[in-house]
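A.B. asks: Quick one: the structure is below, questions incoming.
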There are 2 protein chains.
Amino acid sequence: MLRCDPNWGWGAQKALSVPGARGSLRGFMDSVNIGMIGGGTVGSGVVHALQQNAALLSSRIGIPLAIRRVAVKALDEPRPYPIKKSLLTTDWQQVVHDPQHHVIVELVGGTTLAKTIVLTALKLGKPVVTANKALLSAHGEELFATAARHGANLYYEASVAGGIPIIKTLREAFVGNRITHLYGIVNGTCNYILTRMTAEGAGFADVLADAQRLGYAEAEPSLDVDGFDAQHKVGILASLAHGFWVKPAQIHVEGIRHLTALDIQFAARLGYAIKLLGIIKRLPAPARSKTPNGARIQVSVYPALIPQSHVLASVSGVFNAVFVRGDIVGDTLFYGRGAGKDATASAVLSDLADAALDLKFGTAGRVPPFVPHERAGAVAPLAEVHTRYFVRLNVVDQPGVMAAVAQRLAAQQIGISSIIQPEGHEGDVVPIILMLHDASNRAMSRALAQISRLRVVKGAPVMIRVENFA
Amino acid sequence: MLRCDPNWGWGAQKALSVPGARGSLRGFMDSVNIGMIGGGTVGSGVVHALQQNAALLSSRIGIPLAIRRVAVKALDEPRPYPIKKSLLTTDWQQVVHDPQHHVIVELVGGTTLAKTIVLTALKLGKPVVTANKALLSAHGEELFATAARHGANLYYEASVAGGIPIIKTLREAFVGNRITHLYGIVNGTCNYILTRMTAEGAGFADVLADAQRLGYAEAEPSLDVDGFDAQHKVGILASLAHGFWVKPAQIHVEGIRHLTALDIQFAARLGYAIKLLGIIKRLPAPARSKTPNGARIQVSVYPALIPQSHVLASVSGVFNAVFVRGDIVGDTLFYGRGAGKDATASAVLSDLADAALDLKFGTAGRVPPFVPHERAGAVAPLAEVHTRYFVRLNVVDQPGVMAAVAQRLAAQQIGISSIIQPEGHEGDVVPIILMLHDASNRAMSRALAQISRLRVVKGAPVMIRVENFA
């Protein structure tokens, strides 16, 4: 056991005894050597950040870190920051297996090669740092089990919300809290598009095209704008917060393609902003529950109206934010850049510091990467979730229309909170905006199906859920 | 060394070997026993939070926690949450010395008895958790040195910004960042008063009286409204962020007593909110620096105009927020309740979990409580700091006044950005608002002294600094 030297934090680097470390890490170690796979945007960001701050980081944690090797697809690819030629290789196997590499950083992305890399390293007993949300979302259960089996930790701060330390916050800072509500703006591309649609009154397609031109959206934007990227992140956060594994298929996802400038405008007039939210909410136990001990959790991704006065409404542009309500701590919010080479590198450095400390002290399992603490919990189908609704209909401007619509809602026990028929719209077909009281999504779907069949309703009704953070 | 059992997180509680623990902690331990001193607001909050979530916390960290004894001033004091009689004692010495108490929690407040308690526990090699910002601000250097000398850790998440995990974030999540800017709304009482003054156009004294009636301000409000509470917290954050000890006397402090509804109103018209900010800012190196390697840091507490569009401007009521800019991560914000029994208890539980894990793994110095990583740094006197300014003067409404004022500013090389003479003010004396460009606080003080001596200027000039987060 390493004994505490009062001066150990001052950067004096003696040989460190790491009796608890496994395999190649056993013995003495002057520095923690990093083998990295992936030298693209995030990878080169990590190299650059360590070039800039390695001395500072070392003096803080009392052990030096050094990147010893970076495996890349091709040696001469363009990179946001240069990486020294002498560090580069195209042989990831060599990087993972080299006994001189104490920590493996996986930054290749995707779920095939990345999975092989992470599993190979964990099976060698090496700690792994990853920023790969798609991989964790799809295979987290298997990866965490492998990590536990081989006494190696898997660090993943960078996988969700970039520079925002939401993983450390949920696992450590809020360890004494039951997380009752979590709302995340976790996709910067969508938030950028919605912010510009709101500010400029522009349409989705125009802003998307501009965002693609400016590099804020990919040429193939579906991963972002259809909500799948947010789904990966929300799956990880939900699993962590509630302690049972949430699979991507259990998460209801809607993107932002269907949102119009008109809806954003009407929402604003009513005092609301529209944000794409990841929502993780502990539902009240049903009156006659079959699983009285098991928590029922809403886990979904959809655009929602939120009050303009809410702190999440002020999160604009490419920024991310996660609003967390704990049963002890109350309401909290964490805000920062959710992506990009530098913000993500900051999260990777945080994980590398934890990995280095866990090697130094032989404490791989000190904070387990994933703890199944609510094993009896389950994801509730969205149909069972109650929300409020904003509904926009295009209706023929004639008597009896409202009666017909109200009747279909009443048949599903859905109350109307307010009705707005904006002035200044001419022609036979006029928009009507309805704000509806709490109702189950099942009831709402049924009512909308009925309403859309009315002869006086033209086109598909627009429905956006309303989140009041109650 | 405890080896990692893949199931260890599941809550199966075997006897835990703690070979690295000292003194009374050596040997086997079924549970981490807590001895607490202080059973008031926060103390009873911690007892209540553990009653509610001890099982959850244990299942997450793999070791049970139990409060074994609470030392209080009087057994029959009223408490926000009840504490079982069998836990109470009035003998703090017994609680600290009892070899069955593995962790000591200090929640008595103040800087005299609290200091004795913390030093006594640390000298016994026992980890200490404290929420005491006044104590750390005044005696942190001595306490951290004692902790290091005795191989016991001192945990203090609850000392700054209540439920916001800003200590863990700076020490661990942002370990790879140089913190270039930190702006904190860290006093809930001041933020509540300013929020209501803004919303209602009310005066300071009226809102303060109401806040006292409602329990948001103390009968003796000076600690809060004169900025001293914020000073304690900002001293801790500055020391932690920059790695050299910042003493309270080095921190320039202004409170909010002098702010008027009129200034808040004019600020709002110009697009600004007024917030009491703790400001920690790395200053650019001067052209001919005597200490080229030493960072010069602004550390101050004062009310400032901030753009209404900035995310800090949306922090209202008793909430706290800390805005942190790191050289890698970029801009981030952390928001939550800064005080109160529950939010503070959440931070204490986080520290207790870390203390329990450090006992379990024998890693007292894993993350040192304070690391002097920028020893060459120094606090810059406010006179040397450059800011922008909002200035309100009451002037006699006659020709030549503006020329006289402008001349005094020009003599100090201070440029005028804009001048507003609001309409609707009648009589001989009218208000003038000046927005001034960047200038040193020394130059500004000199200019204001000159201006206040002008015969046409009535009363003392009002000066509030402007923060643009550049």
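Read-outs: derived from the displayed coordinates by stated rules, not from any lab. Predicted model, so just to flag it, every value in this text is computed and none were measured. Here the Cβ positions follow ideal geometry from the backbone for every residue, glycine too, while neighbour counts run over all protein chains shown.
A.B. asks: What is the Cα centroid distance between the range A:391-470 and the range B:109-162, reported in whole angstrom?
C.D. replies: 61
A.B. asks: Between the label point of A:T111 and that of the same position in each other copy, find the distances and list them shortest first in nm, with every label point placed 7 Å from Cα along the Cα-to-C-beta direction.
C.D. replies: Result for A:T111, in nm, nearest copy first: 5.7.
A.B. asks: I've got another one for you. Residues of A:355-367, mean number of Cβ from any other protein chain within 10 Å of their own Cβ, rounded to a whole number?
C.D. replies: Taking the mean over all residues of the peptide, I get 5.
A.B. asks: Less than 14 Å Cβ to Cβ from B:F244, Lys/Arg counted +1 and Asp/Glu -1: what total charge do the surrounding residues give? Working shown, then result.
C.D. replies: Numbers: positive: A:R60, B:R178, B:K247, B:R282, B:R296, B:R375; negative: B:E141, B:E374.
With Lys, Arg at +1 and Asp, Glu at -1, the net is +4.
A.B. asks: A follow-up question, please. Can you pull the mean other chain C-beta count within 10 Å for peptide A:48-60?
C.D. replies: Per residue, the number of nearby Cβ atoms from other chains is 4 on average.
A.B. asks: Taking A:H97 in one copy and the same position in all the others, each labelled 7 Å out along Cα→Cβ, what are the pairwise distances from the first, in nm, shortest first?
C.D. replies: Shortest to longest, the spacings are 6.3 nm.
A.B. asks: Given B:Q421, B:M444, B:V456, which one lies farthest toward the positive end of the charge dipole of the range B:385-466, if we put +1 on the Cβ of every Lys and Arg and -1 on the Cβ of every Asp and Glu?
C.D. replies: It is B:M444.
A.B. asks: Please give the FRET efficiency for A:A66 paired with A:T112, using the beta carbon to beta carbon distance and R0 = 25 Å, rounded to the nearest 0.05.
C.D. replies: After rounding to 0.05, the efficiency reads 0.30.
A.B. asks: Next up: Sorted by average packing, counted as other Cβ atoms within 10 angstrom per residue and highest first, what order do A:272-278, B:407-413 take?
C.D. replies: Highest mean packing first, the order is A:272-278, B:407-413.
A.B. asks: If each of B:A205 and B:H437 carries a label point 7 Å out from its Cα toward its Cβ, how far apart are those two points in nm?
C.D. replies: The two pseudo-label positions are separated by 4.0 nm.
A.B. asks: Now for a separate question. Just to confirm the number: angle between the C-alpha axis of helix B:341-361 and the first principal axis of chain B, 0 to 90 degrees, nearest 10?
C.D. replies: Tilt relative to chain B: about 50 degrees.
A.B. asks: Using Cα atoms only, what is the angle between the long axis of helix A:113-123 and the major principal axis of chain A, expressed in degrees (0 to 90) to the nearest 10?
C.D. replies: 50
A.B. asks: Moving on to the next point. Between the alpha-carbon centers of the range A:199-219 and the range B:28-57, tell me the distance in whole angstrom.
C.D. replies: For the range A:199-219 versus the range B:28-57, the Cα centre distance is 51 Å.
A.B. asks: Please compute the contact order of the range A:384-466 in relative form: average sequence separation of alpha-carbon pairs under 8 Å and at least six residues apart, divided by the residue count, as a percent.
C.D. replies: 49
A.B. asks: Can you check what the net charge comes to around B:R408, using other residues whose Cβ is under 11 Å from the Cβ of B:R408 (Lys, Arg +1; Asp, Glu -1)?
C.D. replies: Net charge in that neighbourhood comes out at +2.
A.B. asks: In whole Å, what is the distance between the alpha-carbon centres of the range A:366-382 and the range B:346-390?
C.D. replies: 32
A.B. asks: If you put a point 7 Å past Cα along the Cβ direction, how far is that point for A:D210 from the same point in each other copy, in nm, smallest first?
C.D. replies: 4.1
A.B. asks: Determine the relative contact order of the range A:171-337: mean sequence separation of Cα pairs under 8 Å and six or more apart, normalised by residue count, in whole percent. Show your work: numbers first, answer last.
C.D. replies: Values: 302 pairs, mean separation 58.8, N = 167.
RCO, the range A:171-337: 35 percent.
A.B. asks: Multiply the residue separation of B:L75 and B:A449 by 0.36 nm, subtract the distance between their alpha-carbon atoms, and state the gained length in nm to one decimal.
C.D. replies: Here the segment from B:L75 to B:A449 would lengthen by 129.1 nm.
A.B. asks: Sticking with this structure for a sec: What's the FRET efficiency of B:K123 with B:W245 using the Cβ-Cβ distance as r and R₀ = 25 Å, to the nearest 0.05? Please report the intermediate quantities before stating the final value.
C.D. replies: Working: r = 21 Å, r/R0 = 0.83.
Here the calculated transfer efficiency is 0.75.
A.B. asks: Now for a different question. Below 8 Å between Cα atoms, with a sequence gap of 6+, how large is the relative contact order for chain B in percent?
C.D. replies: The normalised contact order for chain B reaches 16 percent.
A.B. asks: Which of rounded, prolate, oblate describes the protein assembly as shown, given a ≥ b ≥ c as roots of the alpha-carbon gyration tensor eigenvalues and a/c under 1.5 marking rounded, otherwise prolate only if a/b is larger than b/c?
C.D. replies: Since a/c stays below 1.5, the shape of the protein assembly as shown is classed as rounded.
A.B. asks: To continue, here is another question. Per residue of A:438-450, how many C-beta atoms from partner chains lie within 10 Å of its own C-beta, taken as a mean?
C.D. replies: On the way: counts 0, 0, 0, 0, 0, 0, 0, 0, 0, 0, 0, 0, 0.
If you average over the peptide's residues, the count of other-chain Cβ atoms is 0.
A.B. asks: Can you tell me the 0 to 90 degree angle between the C-alpha axis of helix A:441-452 and the longest principal axis of chain A, rounded to 10?
C.D. replies: Here the helix axis deviates by roughly 40 degrees.
A.B. asks: Which residue of chain A is nearest the rotation axis onto chain B, counting by its Cβ, and what is the distance in whole Å?
C.D. replies: Reported as residue, whole Å: A:S314, 2.
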